[in-house]
1. Give me Tyr247, Tyr261 ranked fewest to most by other Cβ atoms within 10 Å of their Cβ, as a rough exposure proxy.
2. On full extension of the chain, what length is gained from Ile88 through Gln255, given 0.36 nm per residue of separation minus the C-alpha to C-alpha distance?
3. What is the extension gain from Leu74 to Asn169, computed as 0.36 nm multiplied by their sequence separation minus the C-alpha to C-alpha distance, in nm to one decimal?
4. Any idea how far apart Arg135 and Arg186 come out in nm if each label point goes 7 Å out from Cα toward Cβ?
5. Between Thr154 and Val24, take the C-beta separation as r, use R0 = 45 Å, and let me know the FRET efficiency to the nearest 0.05.
6. For Ser237, Ser191, Ser206, what's the fewest-to-most ordering of other Cβ within 10 Å of each Cβ?
7. To the nearest 0.05, how large is the calculated FRET efficiency for Asn117 and Ala54 if R₀ is 51 Å and r is the Cβ-Cβ distance?
8. With each pseudo-label sitting 7 Å past Cα toward Cβ, what's the Leu34-Thr146 distance in nm, one decimal?
Amino acid sequence: MSSLLEQLENFFWNILYRPTVTDVIDIAIIAVLLFEAVMLVRRTRAVQVLKGVAVFIIVGYISSILKLKTLSWLIQTVINNGVLAILILFQPEFRRALEQLGRGTKIELHKNEKTENEYIIDELAKCLTNLAKRRVGALVVIEGKTGLQDVMETGTQIDSVISAALLENIFEPNTPLHDGAVVLRRNRIASAACMLALSDSNLISSSLGTRHRAGLGISETTDATVLIVSEETGIISMASEGKLTRYLDETALRQILGKIYPEERIRVRHSLFRGRKGREEKNDDRSAR
């Protein structure tokens, strides 16, 4: 254990007091490899094994400081043979990494890769237009700077990533969460079947029902943006700052959503393991940010 600690001390001393261009390149390569390794094993059972290894190393360091000779010897023995143990423990992950590496290490920019906000806009636009075509009523409240925790507490907590399929299922008639509003907080579906106070305005057309009055009501008292699909006509409307804008098509809807979820600067992740996309595949998150 002492030899390992000496090596670590020498390593960090060289980094802090004697860095060269080669050291910087070396550190950068190691950092990329560690990052890719973490991204590869995240949300897998290997993470728990890594935590166990980290605890093991910490215990070994403490035992060396406290001069617990027997424990230090035992941990040193395990560490000396740890390479083989790691290969056995992480065999599935190593195999997957090598397979992905074998498919090509060419660094590319995925032109079809979407930012998170672009994905959210697509999902919301898809959901609302599909509901409008089928004339299924919907009420979606997008939280602004004014918190809507009190409104969320009147419904059922969901805390899911924004997904067109999930939202359509929520608003499907004769389902438990159909009635009421869905509240979106940033990039998450926070709550469903929420109760909203109705607007008292006399300027609302008598042809508009409870869903539109509820949407206007929340927009009058908060800075939330509310998207409404009429069950009777299939017309998509927006309520904001106490005003109602009707007859939105998909283009207008995307423009509104684009202001709420502005275009992000695309972050290109140059992955050494080409099987994984730069951005999270979202395969589990999208069905659950």
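No lab work stands behind these numbers, since they all come straight from the coordinates. These figures come from a predicted structure and were not determined experimentally. Here Cβ is always computed from backbone atoms with ideal geometry, including for glycine, and neighbour counts include all displayed protein chains.
1. Ranked by crowding around the Cβ, least crowded first: Tyr247, Tyr261.
2. The Ile88-Gln255 span can extend by a further 54.9 nm.
3. In short, 28.6 nm is gained.
4. The answer from the label model is 4.0 nm.
5. 0.25
6. Fewest-to-most Cβ neighbours within 10 Å comes out as Ser206, Ser237, Ser191.
7. The value I calculate is 0.90.
8. It is 4.7 nm.
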